[in-house]
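As structure tokens, the structure follows; a few thoughts come after it.
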Amino acid sequence: MNDAKQAAKDAIDKMEDLSDADKTAAKANVDKATDISGVNTAKTDAQNLNDAKKAAKEPSIRWKIYQTQIKQQPRQMSIRQLIFQE
């Protein structure tokens with residue numbers, strides 16, 4: 001089980017969108033795990049947080065569409081029309 005814990009910690013260290021505090025907390029959860037399932041859950045939770053933080057940094061698809069359309073048709077459509085295609 002120590003090998004599984006170390007592998008999970010190594011994977012957490014490679015997660016680029018987690019802060020140092022996030023990584024420390026995730027590794028603590030790995031250490032608290034009492035079985036392989038708990039280790040996997042702690043690693044998955046860290047990966048989900050990493051993915052969420054990464055997604056939050058990327059503009060939404062609707063925003064990208066809005067930016068494209070507003071450049072093509074400035075002041076002809078409202079933001080609401082662009083987002084909801086009214």
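Name the residues in the range 4-30 that are of a type in the set (Val, Ile, Thr) and over 17 Å from Asn40 (Cβ atoms), would you?
Going residue by residue through the range 4-30, those that are of a type in the set (Val, Ile, Thr) are 12, 24, 30.
Thr24, the sole residue that qualifies.
Would it be correct to say that Lys27 is in contact with a helix residue (DSSP H, G or I) (Cβ under 6 Å, 6 or more places away or on another chain), farther than 20 Å from Lys57 by Cβ and among the charged types (D, E, K, R)?
Numbers: in contact with a helix residue (DSSP H, G or I) (Cβ under 6 Å, 6 or more places away or on another chain): yes; farther than 20 Å from Lys57 by Cβ: yes; among the charged types (D, E, K, R): yes.
For Lys27, the condition - in contact with a helix residue (DSSP H, G or I) (Cβ under 6 Å, 6 or more places away or on another chain), farther than 20 Å from Lys57 by Cβ and among the charged types (D, E, K, R) - is met.
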For the range 11-39, which residues satisfy the criterion of being more than 17 Å from Asp51 (Cα to Cα), without any contact (Cβ under 8 Å) to a residue 12 or more places away in the chain and of a type outside the set (S, T, N, Q)? Ala28, Lys32, Gly38
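Each value in this text was obtained by applying a stated rule to the coordinates, not by laboratory testing. Bear in mind that the values here come from a model prediction, so they are computed numbers and not experimental data. A quick note on method: Cβ atoms are made from the backbone with ideal geometry, for glycine too, and the neighbour counts reach across all protein chains shown.
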